[in-house]
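Here is the structure we will look at.
The values are calculated or read from the model by the stated rules, or taken from the named source; none is laboratory data. The model shown is predicted, which means the values in this text are computed figures rather than measured ones. Here Cβ is always computed from backbone atoms with ideal geometry, including for glycine, and neighbour counts include all displayed protein chains. Just the protein is used for accessible areas: all its heavy atoms, side chains included, with ligands, DNA and RNA removed. Shrake-Rupley method; radii C 1.70, N 1.55, O 1.52, S 1.80 Å.
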Amino acid sequence: MIVCSCNVLSDKDVTAAIAAGARRPSAVYAHRKCQADCGKCTRQICRLLKESGVEGVTGCPPDPDGPETCAPAACAPPSPVAPLP
C-alpha cells in the first residue's frame, strides 16, 4: 500500500526504515533519501511506527484523540523554497 504519494513510499518502505532504526517520520524519509513534501502521510507513518512496537516514537503530529506528541515546528512539513528572482 502506498503511504506517501509525493515520494511513492509504500508500507514496506516504512517497515524497512523501521527495521533500520527509524523512530520518527523524518528518519523514514531519510532512509529513502527523500523528505516530506505535503506532509499528509506523516500520521500514517506515525501509525505504522507505533503499530510496529517501536519505543520512543517522536516527531508525530498531535493525535486528535490524544495528547500532543511533538512541538508544532516538528509536525509541520518543511516550508517551500522561495522562487529565484
- line: Output for Cβ contacts, cut-off 8 Å, separation at least six or different chains, first residue farther than 13 Å from ALA19 by Cα in the range 31-56, second hydroxyl-bearing (Ser, Thr, Tyr) and crowded, with 17+ Cβ neighbours inside 10 Å, reads GLN35/SER26; GLN35/TYR29; ALA36/SER26; ALA36/TYR29; ALA36/THR42
- request: Kindly indicate whether GLN44 is open to solvent by 40 Å² or more (accessible area, probe 1.4 Å), touching a Phe, Trp or Tyr at 6+ places or on another chain (Cβ under 9 Å) and not hydrophobic (A, V, I, L, M, F, W, C).
  value: no
- line: Inside the range 5-15, the number of residues satisfying the requirement of being among the β-branched types (Val, Ile, Thr) and either in a strand (DSSP E or B) or open to solvent by 80 Å² or more (accessible area, probe 1.4 Å) (or both) is 2
- line: Checked ILE18, ILE2 against criteria (surrounded by fewer than 15 Cβ atoms within 10 Å (Cβ to Cβ), at negative phi and at pLDDT 90 or above); the one match is ILE2
query: surrounded by fewer than 17 Cβ atoms within 10 Å (Cβ to Cβ), part of a helix (DSSP H, G or I), at pLDDT 90 or above and within 12 Å of the chain's Cα centre (by Cα) - does that describe any residue in the range 65-77?
result: no
